[in-house]
Structures are given as C-alpha cells and as structure tokens.
Amino acid sequence: MGSVQIVTTILAAAITAVAVWLAVRAVMKMTAVIRLGQPAPERFSDKGARTKTMLVETAGHTRMLKWGVVGAAHWFVMVGFIVLSLLVLEAYFEVVTPTGGLPIIGHLTIFGLATEIITVLGLIGILVLMVIRLRNRPTRPGGRSRFTGSTMWQGYFVEWIVLLVLIFGLLIRGFKVATDHFEYPLWATPVSHAVGAVLPDWSDGASVAALIKIVISMTWLIVISLNVTMGVAWHRFLAFPNIFFKREPAKPAGSGLGALRPMTSQGKPLDFEEADPEKDQFGVAHVEQFSWKGLLDFSTCTECGRCQSQCPAWNTGKPLSPKLLVLSLRDHAYAKAPYLLAGGGKDLTGEEKATQAQLAHLDVLALAEADKPLIGTAEEGGVIDPDVLWSCTTCGACVEQCPVDIEHVDHIVDMRRYQVLIESSFPSEAGVMLRNLENKGNPWGAPQNTREDWTKGLDFEVPRVGEVDDFEYLFWVGCAGAFEDRAKKTTRAVATLLNEAGVKFAILGEGETCSGDPARRIGNEFVFQMLAQQNVETLNEAFEGRDKAKRKIVATCPHCFNTLGNEYGQLGGEFEVVHHTQLLAHLVATGKLTPVQPVDGGVTYHDPCYLGRHNRVFAAPREVLGDAIAGDLTEMPRNSERSFCCGAGGARMWMEEKIGKRINVDRVEEAMATGAKTVAVGCPFCSTMLNDGVNGKGAGEQVEVIDVASVLLRSVKPEQPQGGKETAPIGG
Ligand code: SF4
Ligand code: SF4
C-alpha cells in the first residue's frame with residue numbers, strides 16, 4: 001500500500017464511521033417518532049398481497065410512470081441507486097489499492113456491462129430530473145409550480161450528489177483504463193474506455209477518485225442523518241414500508257380510496273353505542289393520535305408536489321395543498337417528539353400526562369411546539385388552519401397521484417372528526433345539513449313522505465320492495481334523486497330505461513334514508529353510523545334469504561354507490577352495488593336497449609370523483625355515451641384518473657366557497673372550452689355544480705348539463721317527452 005492509499009484509506013474509514021454512527025442515530029430517532037402513533041393492526045394483514053403490491057409499485061414505478069418522462073428518468077435513477085451502491089462498496093477496495101475491485105462479482109464482464117449501462121442511463125435520468133426541477137422552480141416567472149413550498153435546496157442537493165457519484169464512478173474506471181488496470185473489454189464498457197482515453201496515466205488516480213466518491217456519498221448520509229425530515233432523500237428507504245403498509249394492498253394501483261376507514265381508538269373500530277369521549281379517542285386532536293402509519297406517511301413525503309398540482313382546492317386559490325398539509329404535520333410531529341418521548345402528552349380529558357420532573361430538561365422549542373393546537377388559525381399558532389381543513393373535497397386526486405401512497409384523505413377526515421364530534425367546530429352553514437340528516441333523514445330536510453314523488457307521471461308502475469319479491473335490482477334512489485328536481489329527471493330516466501329493458505327492479509320508497517356520505521365526510525361519524533345502521537337493517541331485510549351475489553343494488557348517485565358498496569360492509573351490510581351507467585352499458589351491450597337516434601351537437605363527459613377515481617368506473621359511462629351520441633366523445637384535458645372535481649364532495653356541497661375561484665367555474669370553463677354543447681355527468685351533485693357554473697357564466701342557453709342516463713333515453717326513446725332542460729335549482 002503506497003502513502004497515497006494509506007491516506008485515502010484512513011480518510012474513507014473516518015468519514016464512513018461518522019456517517020454510519022449518525023445514520024444509526026437518525027434511524028433510531030425516526031423509528032421512535034413513528035412508534036409514537038396509535039396502533040394499526042390491520043396494516044399487518046395479507047402480507048402476500050402487500051409484498052406483491054410493494055414490488056409492483058416500486059420496480060414497476062406504476063404511479064411515477066403516469067408522468068411519462070419524469071417517471072422513466074426516476075426509474076433509472078432508482079435502479080442506479082440500488083445497483084450502483086455496489087460500486088460505492090467497490091470504492092472501499094479502490095482506496096486501498098487502485099487496481100482493486102469487488103471480489104468475485106467484480107471480475108465478471110456482465111457486472112461491468114450492467115453497471116456501465118445503469119451509470120449512463122442514471123446520468124441521463126438525473127440530468128432530466130434536474131432540468132425538470134429547474135424548469136418548475138417556484139421562483140420562475142409566471143405559472144404555478146408543484147414545487148411551491150418544497151424545500152428546494154434539499155432537492156438540488158440530492159440531485160447533485162447523485163450526479164457527482166455517477167461522474168466519479170466513471171472517473172475511477174477511466175483511471176483504471178488509463179493505467180491499463182481495467183479488466184472489462186471495450187465492447188462492454190465503451191464509455192469508461194472513452195473517459196480513460198482522455199485521462200492521464202496517474203497510478204493513484206483511481207484511489208483518489210474513489211476517496212472523493214466515498215466522501216460525496218458519506219456527505220449525503222451525514223446531511224440526511226442530521227435532517228430526519230428530509231423526505232426527498234429518506235423516501236429511498238421509507239417508500240418501501242410505506243407502500244407495503246398501505247391500507248388496501250390487494251386493490252389495483254391508484255385505488256386505495258373509496259371507503260373511508262372506520263373511526264378507531266387504540267386501533268379498534270369505535271361503536272357509538274358504547275363509545276365514551278373520556279375513554280376513547282374521537283378523531284385526531286394531537287399529532288400523536290394519528291396511527292403510526294400516519295406518522296410514517298408524513299416522514300415519507302418526497303415533497304414532489306404531484307398531489308398539489310392536481311388538488312382542486314390549491315388550483316383555485318384555496319389555502320389547502322395536500323403536500324403542505326403533510327409537511328406541516330411532519331414538521332410538527334418531529335418538533336414535538338422530544339416532549340412526547342419524555343413522557344409528555346395530554347390524556348383524553350386534556351390533563352398533562354408527564355410530571356414536572358420529566359419535562360424539566362426539555363428544550364423550550366419542543367415545549368412550545370407541544371402547546372400548538374393541531375387545528376387553529378395563524379394567530380392561535382395552529383399547525384393546520386381551519387380553512388385548510390375545510391377546503392378539502394375528498395376528491396382523492398392527491399392519493400391517486402402520490403408515488404409513495406400517502407393517505408391524505410384519511411388524515412384530513414380524522415382531524416375533521418375531532419373538530420365536529422368534540423369541538424362542534426365546522427363551517428356553520430353545514431349545521432343545517434347535519435340537523436336535517438338527524439331529524440329528517442336527508443340533507444335538504446324534505447318530508448319523508450315525498451320520497452316517491454318522482455314516480456308521478458310515469459306511464460308504468462314503479463314496484464316497491466315488499467310489493468314484489470322477485471326483483472333483480474333494488475333501485476337505490478338517493479336523496480338527491482328523490483328530492484332535487486334535476487336529479488329526479490335522472491331517476492325517472494333510469495327507471496324508464498330499466499322498465500324498457502325488462503329489468504325487474506324495485507325501490508324502497510319511504511323506507512330509504514340518506515346513505516350517510518355527507519355526514520361521514522364532514523367528520524360526523526355518529527350521524528353516519530346512525531343512518532348507515534338503519535339502512536343496513538332495511539336492506540338486509542329487503543334481501544333476506546339471498547346470498548351476496550343476489551343482493552344487487554343499482555344507484556344513480558356515486559356517493560351512495562360508494563357508501564353502500566364500500567362502507568356498509570364495515571357495519572354488516574354486504575351488497576353488490578353498481579352505478580346506473582354500468583347497468584345501462586350492460587343493457588345496451590346485450591341488446592336490451594337500442595339507441596336509435598344519435599344525440600348530436602358535441603358531448604363531453606365529466607368524471608365524478610366518487611365514480612371514477614374512487615371506484616375506477618371510467619369506461620361504462622363512456623360506452624353508454626359512445627352508443628348514444630353522434631360522432632366521438634370530446635374529452636376534456638383533465639379526464640378519467642386526472643379528472644377535476646366539481647367542488648361538491650367531502651360535504652363541500654353544503655359549505656360556502658368563500659376563498660379563491662369557484663371550483664365548479666374552473667371545471668365549467670374547461671368543459672366549455674371543448675366546444676361541446678352537452679356536458680354529460682353521472683352524479684347529481686356534479687350536475688348541480690356544473691349547472692350552476694354554466695348558468696353563472698351566462699351560457700345556460702348554449703350548454704346543457706345532463707346525466708348520461710338522460711342522454712341515452714333521448715337516443716333510445718326520442719319520442720319520449722324529456723321535460724326540457726335540467727335547470728331547476730337545488731331543493732326545488
Ligand atoms: S382530496 Fe382533493 S381536495 Fe382534498 S387535498 Fe386531496 S386533492 Fe385536494
Ligand atoms: S404527499 Fe405524495 S404526492 Fe404529495 S408531495 Fe408528498 S410524496 Fe409527493
């Protein structure tokens with residue numbers, strides 16, 4: 001060993017020892033913080049599906065590849081990081097002797113070839129990512145950036161480290177070529193040979209370059225170890241467990257949505273007949289009341305801003321960004337952690353758990369952080385502003401886009417649950433809706449005995465459950481479908497089409513009550529359970545004696561469709577629920593309905609969030625429209641998985657939209673820009689919101705918003721009176 005190698009070996013060993021010690025400390029700190037969360041035993045179920053999903057999502061980059069170039073570039077950088085870690089290991093042999101290499105594997109030409117290819121593709125990948133980050137930097141003139149609010153130096157730092165590690169890897173090889181100590185042939189490593197051709201014949205070159213590569217790599221490890229909230233770096237490790245522990249691993253990528261999780265205390269679902277707010281946790285009031293998976297979510301965020309770029313609230317000037325919400329919770333959790341780890345925290349009656357002695361030596365900043373209310377205005381020192389919490393439409397665009405499977409909607413609803421159930425703190429205008437749900441069983445407060453009024457004037461009898469037993473489908477009308485004039489037209493259109501196709505169906509009539517969706521999404525789990533239990537009982541009775549495959553329900557409202565199909569199982573109600581567009585598509589495909597007169601004038605389709613993104617029903621409404629209209633459907637730029645919310649979900653329908661541009665107006669402008677004269681929808685709330693938007697733009701005479709079922713009815717029965725345009729106001 002020469003004198004240069006003695007120095008390079010000592011320096012490499014020293015910096016590595018420091019880096020590894022700091023990294024171990026950092027991992028222990030992160031683990032301790034994540035373990036502060038509440039139990040989540042369901043996350044350990046179905047390990048086979050979890051492993052498969054984790055491998056598919058990471059190796060296949062299923063989320064990232066939705067973003068084309070970025071996804072491909074990131075894939076090469078990820079593979080480069082994993083495979084080229086071996087080359088960092090090899091550098092430790094090269095600081096000892098410039099001709100050194102990995103034992104056994106390092107002598108294989110295939111290893112030389114594979115690492116050469118990955119180095120070159122990794123270099124291209126990281127340069128692409130660097131250019132994309134720079135072109136999207138928040139400070140660039142004009143335009144909104146998905147990186148607004150991200151810690152930009154961390155992103156640049158990580159990218160430069162990757163670039164330099166790759167460059168120094170090539171320099172090591174180049175010096176070996178230049179000194180004639182490189183054992184891979186030219187055909188397998190042409191780039192290394194090209195680099196070697198321009199480097200001097202310096203015998204210590206490989207050792208010095210290897211030392212620099214180790215110093216760069218260990219600097220990265222030291223910096224991230226000193227910054228445990230640096231998700232842009234830590235996600236390389238945390239993304240794997242975060243995806244493994246996602247809530248519904250068996251579902252296809254991007255569909256971990258649909259049902260909300262039940263309200264839990266100590267990891268067990270709460271039953272409101274026995275729950276006690278002094279003994280049970282009602283929602284989330286403090287950051288440590290999220291589950292450990294929630295704290296893992298916050299730690300894993302890469303700050304990529306994909307969620308932010310799709311969020312309807314953020315895109316219309318509201319203060320909510322799902323990314324900034326996650327970052328605020330992460331920073332608060334880590335800043336408060338010393339206090340919690342010292343034994344601090346409030347019990348369910350609000351009393352401090354720690355003794356004075358336990359908190360005596362705590363950093364004043366940790367104590368100050370512990371005093372912050374989780375939900376509060378800037379003046380109150382709150383972590384999350386109430387306007388942020390109540391701006392969410394639960395559209396799921398953030399969860400759909402997040403490459404590391406962070407579950408924003410669950411966290412938002414958990415915080416809402418505490419605010420509503422314990423603090424009674426929510427936008428006051430939604431109080432009327434909640435009172436109506438409790439007292440009248442529908443959000444509008446309409447009399448229950450008018451639930452069947454929509455059947456008046458139909459030229460056939462609509463059968464009720466109880467009057468007939470041999471129905472195939474129970475037609476779940478929903479509150480909007482029963483009480484709201486525009487939606488009643490859809491209800492009538494669906495009933496007419498089912499009757500025309502000879503489908504045996506029956507309604508519950510006055511036996512139906514609200515599915516509970518708005519109560520659950522605003523956070524009032526108590527009212528949700530009350531309504532849902534009543535409905536589950538009614539439905540179980542209606543389907544008595546049938547197995548699940550024959551307990552078929554068709555619903556016109558995607559919120560009912562989602563709640564009945566995905567959430568009633570949590571309360572003992574197992575049903576096969578389809579959306580009316582799915583059933584209509586089937587009836588057309590099987591020849592039971594025949595469109596005879598194409599609807600013309602140009603048609604575009606707005607995907608309702610709870611039908612499309614939450615439940616992956618994208619094709620059926622398009623198939624129905626494809627059969628019923630003249631020419632092709634005109635798609636809006638934001639469609640299918642990337643559809644833009646109408647603004648009504650998450651009980652936002654019953655809250656005023658006081659901040660920023662109205663979401664429905666933004667969506668209507670996009671629809672009108674297609675030039676289509678008809679905007680087809682598949683949801684009564686979307687219909688209301690988009691109609692209001694069209695009328696607000698003074699375009700009510702030129703553009704019609706109408707349900708897919710009504711479009712089909714016009715085509716199947718052109719002679720049928722259509723009842724004019726669907727322009728009646730809500731509650732009419
Ligand atoms: S669910 Fe929709 S509105 Fe809510 S934070 Fe996510 S993207 Fe924004
Ligand atoms: S929450 Fe997910 S999508 Fe949003 S910034 Fe973090 S990693 Fe990216």
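The residue that is farthest from ligand 2 (Cβ to nearest atom), counting only those in region 306-329 that are surrounded by 24 or more Cβ atoms within 10 Å (Cβ to Cβ) and not in a helix (DSSP H, G or I), is LEU320.
ASN540: farther than 14 Å from TYR473 by Cβ, in contact with a Leu (Cβ under 8 Å, 6 or more places away or on another chain) and modelled with pLDDT of 95 or more, yes or no? In short, no. Scanning region 72-84 for residues that are touching a Ser or Thr at 6+ places or on another chain (Cβ under 9 Å) and surrounded by fewer than 17 Cβ atoms within 10 Å (Cβ to Cβ) yields a single hit, VAL83.
Here the helices (runs of 4 or more DSSP H) wholly within region 166-281 that include at least 2 residues being at negative phi and more than 16 Å from ligand 2 (Cβ to nearest atom) are 190-198, 205-226. Applying the criterion of at least 1 residues that are more than 13 Å from ligand 1 (Cβ to nearest atom), surrounded by 23 or more Cβ atoms within 10 Å (Cβ to Cβ) and under 24 Å from the mean Cα position of the chain (by Cα) to the helices (runs of 4 or more DSSP H) found wholly in region 367-473 leaves 408-421. If you check VAL195 against the conditions, is it crowded, with 18+ Cβ neighbours inside 10 Å, closer than 30 Å to VAL177 by Cα, free of Cβ contacts under 8 Å to residues at least 60 places away in the same chain and among the aliphatic types (A, V, I, L, M)? Here the answer is yes, as VAL195 does meet what is asked.
When ALA446 is tested against (1) within 26 Å of ARG551 (Cα to Cα); (2) touching a residue at least 24 places away in the same chain (Cβ under 8 Å), only condition (1) is not met. For VAL69, the conditions (1) of a type outside the set (D, E, K, R); (2) out of contact with any Asp or Glu (no Cβ under 9 Å at 6 or more places or on another chain); (3) under 23 Å from MET218 (Cα atoms) all hold with the exception of (3).
If VAL665 meets every condition in (1) part of a loop (DSSP other than H, G, I, E, B); (2) modelled with pLDDT of 95 or more apart from one, which number is that one? If we test VAL665 against (1) part of a loop (DSSP other than H, G, I, E, B); (2) modelled with pLDDT of 95 or more, just (1) comes out false. The number of residues in region 125-157 that are part of a helix (DSSP H, G or I), within 24 Å of SER328 (Cα to Cα) and under 25 Å from the mean Cα position of the chain (by Cα) comes to 4. Among residues of region 34-47 that are in a loop (DSSP other than H, G, I, E, B), those with a Cβ under 9 angstrom from a residue that is exposed (fewer than 14 other Cβ atoms within 10 Å of the Cβ) and aliphatic (A, V, I, L, M), sequence gap 6+ or separate chain, pair up as ASP46/ALA250. Summed over region 282-305, the residues that are part of a loop (DSSP other than H, G, I, E, B) and away from ligand 2 (no atom under 14 Å from the Cβ) give a count of 6. Taking the numbered list (1) under 20 Å from the mean Cα position of the chain (by Cα); (2) not in a loop (DSSP other than H, G, I, E, B) in turn, TYR339 passes all entries but (1).
Among residues of region 469-498 that are basic (Lys, Arg), those with a Cβ under 6 angstrom from a residue that is part of a loop (DSSP other than H, G, I, E, B) and surrounded by fewer than 24 Cβ atoms within 10 Å (Cβ to Cβ), sequence gap 6+ or separate chain, pair up as ARG486/GLU726; ARG486/ALA728; LYS489/GLY723; LYS489/GLU726.
The values are calculated or read from the model by the stated rules, or taken from the named source; none is laboratory data. Predicted, not measured: the structure shown is a model, and the values here were computed from it. Heads up, the Cβs are rebuilt from the backbone with ideal geometry, glycines too, and the neighbour counts pull from every protein chain shown.
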